[in-house]
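A short write-up of the structure that comes next.
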Amino acid sequence: MPEKSSHIPQHIAIIMDGNGRWARERGLPRREGHRAGAESVREAVETCKELGTKFLTLYAFSSENWSRPRAEVRALMSLLKDFLRRKTPEMHEQGVRLHAIGRLGDLPENCRAELTRSIEQTSSNTDLNLVLALSYGAREEIVDAARQLAREAVAGELDPESIDNAAFQQHLYTAGIPDPDLLIRTSGESRISNFLLWQISYAEIVITRKLWPDFKGVDLRQAAAEYARRHRRFGAI
Ligand code: IPE
Ligand code: IPE
Ligand code: MG
């Protein structure tokens, strides 16, 4: 039975890093690392459902990742498209609702079409919200929000004095999604890499040395257990 309490993170966000190193360790092309990484996604989804976590956000492709070699970008986009096509029926059966955040207009047309289809197909599900961050950059997100607020103010629809944290949050790509409670980064790197800068203000951070393709359900459970042991103070005592 899924266990539910305040010790269970309601929202887990993961920086899925280390696919390239996983492949290199095996003498395989980087693409194979990304392919293996896609398999870890299924396990993360299943484990979140078992834990009772309601939101899982996965950093799949950053604004900065566009600067990788063209062949790698192409491979990642094609894997994304295949993943959506192959896994959407299964996710739908599991009650998973898919969302996407980022500058989605930058994605190749065929990826975007597949993404829109998966989002529409799963839109009535409520068990787990899976949020894919694609062509995502936190600074870009904040700039987009500022631009939209400015537009509304200039149009006379918004009083600048009324802009507070809640109003700002409503203009982020993550409007309506609670902030992550737990942020996990795999592959041992201790950095945020332009991920959810606004939303992780008070997230608990767990960094694991496991490379993303090696990150299994048991590793996610371990991170959730570590989270449960933390004492979140939010500035109070
Ligand atoms: C994460 O793995 C996947 C993406 C960033 C798309 P990497 O490709 O960054 O793997 P490493 O960091 O080179 O090992
Ligand atoms: C962060 O990983 C982006 C994703 C996991 C999608 P990177 O591998 O791109 O980050 P850096 O370059 O090590 O900071
Ligand atoms: Mg990396």
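What residue among Ser187, Ser67, Ser40 shows peak mean-square fluctuation when the chain is described by a Gaussian network model with Cα springs under 10 Å?
Per the Cα network of the chain with a 10 Å cutoff, Ser67 tops the list.
Do you know the relative contact order of the chain, to the nearest whole percent, from alpha carbon pairs under 8 angstrom that are 6+ apart?
So the answer I get is 29 percent.
At 1.4 Å probe size, with the rest of the protein present, what percent of the exposed accessible area of the chain is carbon and sulfur atoms?
Ligands and nucleic acids excluded, carbon and sulfur reach 50 percent.
Once you keep just the Cα pairs under 8 angstrom separated by 6 or more residues, what percentage relative contact order results for region 59-166?
The value is 35 percent.
Note the per residue figure in Å³ for the convex hull of the C-alpha positions in region 1-157. Show your work: numbers first, answer last.
Numbers: hull volume 24.0 nm³, N = 157.
For region 1-157, the hull spanned by Cα atoms encloses 153 Å³ per residue.
Counting other C-beta atoms within 10 Å, and keeping those with at most 13, which DSSP coil chymotrypsin sites (Phe, Trp or Tyr not before Pro) do you find in region 178-207? Walk me through the numbers on the way to the answer.
On the way: sites: Phe195, Trp198, Tyr202; in loops: Phe195, Trp198, Tyr202.
Hits after loop and neighbour filter: Tyr202.
At 1.4 Å probe radius, can you tell me the per residue accessible area of region 92-186 in Å²?
48
Using a 1.4 Å probe, what is the accessible area per residue for region 1-63, in Å²?
46
State which entries of Lys49/Lys87; Lys81/Lys210; Lys54/Lys81; Lys49/Lys216 exceed 22 angstrom in Cα-Cα distance in the structure shown.
Beyond 22 Å between Cα atoms: Lys81/Lys210; Lys54/Lys81.
Of Ala38, Ala100, Ala153, which is the most mobile in a GNM of the chain whose springs link Cα atoms less than 10 angstrom apart?
Result: Ala153 has the largest fluctuation of those listed.
FRET efficiency for Ile192 and Gln170, Cβ-Cβ distance as r, R0 = 22 Å, nearest 0.05? Before the final figure, lay out each step's value.
Details: r = 23 Å, r/R0 = 1.04.
Calculated transfer efficiency: 0.45.
Would you work out the charge dipole size for region 1-63 about its Cα centre, treating the Cβ of every Lys and Arg as +1 and the Cβ of every Asp and Glu as -1, and quote it to the nearest 20 debye? Mind dumping the intermediate values first?
Values: 10 positive and 8 negative charges, 50 e Å.
Here region 1-63 has a charge dipole of around 240 debye.
Among Gln148, Gln94, Gln169, which one moves the most in a GNM of the chain with springs linking Cα atoms closer than 10 Å?
Gln148
Which ³J(HN,Hα) values in Hz, rounded to whole numbers, follow from the phi angles of region 152-157 under the Karplus curve 6.51 cos²θ - 1.76 cosθ + 1.60, where θ = phi - 60° and Gly and Pro get x?
Couplings: 5, 5, 4, 6, x, 8 Hz.
Amide H of Ala100: which non-local residues (sequence gap of 5 or more, or other chain) have their own amide H closer than 5 Å, using H built in the peptide plane?
It is Leu132, by chain and number.
The values are calculated or read from the model by the stated rules, or taken from the named source; none is laboratory data. Treat the numbers as computed from the prediction; the structure is a model and nothing was measured. Note that we place each Cβ from the backbone using ideal geometry, even for glycine, and neighbour counts take in every protein chain shown. The area values use the complete protein model at the heavy-atom level, side chains included, leaving out ligands, DNA and RNA. Shrake-Rupley method; radii C 1.70, N 1.55, O 1.52, S 1.80 Å.
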